[in-house]
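See below for the structure under consideration.
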Amino acid sequence: MLIQPPPDIASSEITEERIFLNRREFIHTAAGATLGVATGGLALGKDAEAMSLGQEEIPNVQPGPFGTDEPKNSFEDITSYNNYYEFGLDKRDPSRNAHTLTTSPWTIRVDGHVAKPADYHIEDLLKGIPLEERVYRLRCVEAWSMVIPWVGFPLSTLINRFQPTSKAKYVEFTTVLRLSEMPGARRPVLDWPYVEGLRMDEAMHPLTILAVGLYGKTLLNQNGAPIRLVVPWKYGFKSIKSIVRMRFTADQPRTAWNKATPNEYGFFANVNPTVNHPRWSQRSERRIGRFFRQPTLMFNGYDDQVASLYNGMDLRRFF
Ligand SMILES: Nc1nc2c(c(=O)[nH]1)N[C@H]1C(S)=C(S)[C@@H](COP(=O)(O)O)O[C@H]1N2
Ligand SMILES: [Mo]
């Protein structure tokens, strides 16, 4: 995969762009060819380079429920316009910088109020879980949105395996923190590692998935490889990337954004056009790739599925 730069250009100037272009070339090739994949389950932890480029085809993906039929954003948009602050603050930084993250081997620590706490290898965790495609809207709190064809499975499938006890009221998720591989995390933008959380009923809801791929292939690092959360009725920052820990707690987790700016980023973060961010309106959004703004829908359009979770709650107070 490595291409030597011409001698008159300093390699430091062009490496990032070459890697990016290289990846796209590889994707086009991969789309036409069947890559070596393991039978049954997800072929994770195979060839290190293929993994870090995140382009293994995922076999046997079935269409899942709750999909939107709106036009999907392009692979290009989804993989080059990202928020992943551990790799920088600019939307293009993750696609430039995230290739340095090693995603194999990958272990997830499960602890707190569960009958089966352990450090699980991701391959063992995913064994035998059927994968589905879920085409979801992702609404960023910054008032842009995308439509993304995720490959994943309900988070509830895993939670049931861990057997949380009756004390478990919330799940806290943590992103990997490796300063040597994450240039953006060397700056104190957030109180690293990135932490997010859900109430147990939100975590068990059938809309909530863990994603391991998109557009039929394993995730690129900028999208949260090898495994990330997707909670489509909440602002994008709840959908934590590259998860290494799931802790079952009695108390509401202290999340990274809530700690940083509690008056701007609430724990619930439900998409709600009637509750503005203190610095901007949440009434409308710009779908990436479109020119005109469009109205933002209550619970990002998933109100039929999730409104009952918040019966009797004041969503202005619990934003
Ligand atoms: N670890 C981590 N997870 C994260 C973020 C982040 O900065 N770090 N950004 C969040 C935000 S603000 C959004 S909008 C989504 C973006 O997901 P995408 O880049 O895959 O579209 O990831 C979320 N997950
Ligand atoms: Mo976001």
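What follows is calculated from the coordinates using simple rules that are stated; it is not laboratory data. Since the model is a prediction, treat every value here as computed from it, not as a measurement.
As a ratio to 2.2 N^0.38 Å, the alpha-carbon radius of gyration for the range 263-319 is 1.20.
Entry note: the range 164-222 has Rg to Rh equal to 1.06, where both radii use alpha-carbon atoms and Rh is the Kirkwood radius.
A full extension of the chain between Leu315 and Ala115 corresponds to an added length of 68.7 nm, given 0.36 nm per residue minus the alpha carbon distance.
Each Cα pair under 8 Å and six or more residues apart adds its separation to the average, and for the range 212-319 the resulting relative contact order is 21 percent. Straight-line cross-link partners of Lys217 among the lysines, defined as a Cα under 18 Å from its Cα and at least 8 positions apart when in the same chain: Lys46, Lys72, Lys127, Lys241. For the range 298-307, putting each phi into the Karplus relation 6.51 cos²θ - 1.76 cosθ + 1.60 with θ = phi - 60° gives couplings of 4, 6, 6, x, 9, 5, 4, 7, 10, 4 Hz, in residue order, rounded to whole numbers and with x for Gly and Pro.
Here the relative contact order of the range 52-132, from alpha carbon pairs under 8 Å that lie six or more residues apart, stands at 29 percent.
Volume of the convex hull of the range 188-319 (Cα atoms only), normalised per residue: 143 Å³.
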